[in-house]
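Engineer: This is the structure I have questions about; it appears just below.
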Amino acid sequence: MSLDVSPKLLTEAENGEVREEDFVETVRTSLPYAYDLVARLVGELRNGDAAFADNQTPPPSEKERGQLLRALSSDAIRGSLERHFGIALAFQNCHRVAAFRPEDRGGETYTRFTSLRAQILNQSPEFRDC
């Protein structure tokens, strides 16, 4: 299971729309490694001059890797994190996540980061089973 959904949030979903703040809180508590990694990248992006901030350090265990993969493979989770933090996320492999300013999505650096070439150049045999 990706998220630990509270009975309150489940009732909210059954009765109509879910408040994004409630959903993001569920993501934060259910996938703390993924949430904290994105939050760290947002801090680096906002406090620096670089075009993006990225993570190149593998997660400490498969548990954390699973959290990251679940967060980034779900459109709802990924989109909520992007809206919550006001950023655009890009993802290349098992752990290389980058945070960009939203206005840079589609720009030269973002396009280069998400290109086929960049995907190929960021492959490694140890990523085959991640």
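The values are calculated or read from the model by the stated rules, or taken from the named source; none is laboratory data. The structure presented is a predicted model; accordingly, all values stated were derived computationally and were not measured. Counting neighbours? That spans all protein chains shown, and the Cβs are built from the backbone with ideal geometry, glycine included. Only protein heavy atoms, including side chains, enter the accessible area calculation; ligands, DNA and RNA are left aside. Shrake-Rupley method; radii C 1.70, N 1.55, O 1.52, S 1.80 Å.
Engineer: Using only the Cα atoms, work out Rg/Rh for the chain, with Rh taken as the Kirkwood radius, to two decimals.
Structural biologist: Across the chain, the Cα-based Rg/Rh ratio is 0.99.
Engineer: Right, another one. How far apart, in nm, are two points set 7 Å out from the Cα along the Cα-to-Cβ line at ASN93 and at THR29?
Structural biologist: 3.6 nm
Engineer: Take the solvent-accessible surface of the protein heavy atoms, probe 1.4 Å, and return the percent of it on the chain that carbon and sulfur atoms account for.
Structural biologist: Ligands and nucleic acids excluded, carbon and sulfur give 51 percent.
Engineer: Summing +1 for each Lys or Arg and -1 for each Asp or Glu, what net charge is found among the other residues whose Cβ lies under 14 Å from the Cβ of VAL24?
Structural biologist: Counting the neighbours of VAL24, the net charge comes to -4.
Engineer: Given an 8 Å cut-off on Cα distances and at least 6 residues of separation, report the relative contact order of segment 43-107 as a percent. Walk me through the numbers on the way to the answer.
Structural biologist: Working: 67 pairs, mean separation 25.6, N = 65.
Computed over segment 43-107, the figure is 39 percent.
Engineer: Defining a contact as two alpha carbons under 8 Å apart and six or more residues distant in sequence, what relative contact order in percent does the chain show? Intermediate results must be reported in sequence, preceding the final value.
Structural biologist: On the way: 139 pairs, mean separation 28.8, N = 130.
Once normalised by length, the contact order is 22 percent.
Engineer: Please give the per residue accessible area of the chain, computed with a probe of 1.4 Å over protein heavy atoms only, in Å².
Structural biologist: That works out to 60 Å² per residue.
Engineer: What does the accessible area of ARG83 come to, in Å² to the nearest 10, when a probe of 1.4 Å is used?
Structural biologist: Roll a 1.4 Å probe over it and ARG83 shows about 150 Å².
Engineer: Related question: Per DSSP H run of at least 4 residues, take -39500 (n - 2.57); add these up for the chain, divide by its residues and hand me the 222 nm value, nearest 500 deg cm²/dmol.
Structural biologist: That comes out to -16000 deg cm²/dmol.
Engineer: Next question. Once the Cβ-Cβ distance between GLU44 and ILE120 is put in as r, and R0 is 30 Å, what FRET efficiency do you end up with, to the nearest 0.05?
Structural biologist: With a Förster radius of 30 Å, E is 0.70.
Engineer: Continuing with this model, one more query. Label-point separation (nm) for ASN15 and THR109, each offset 7 Å from Cα along Cα-to-Cβ?
Structural biologist: Distance between the two pseudo-spin positions: 4.5 nm.
Engineer: If one computes the Cα centroid of segment 30-44 and of segment 53-91, what distance in Å separates the two points?
Structural biologist: 8 Å
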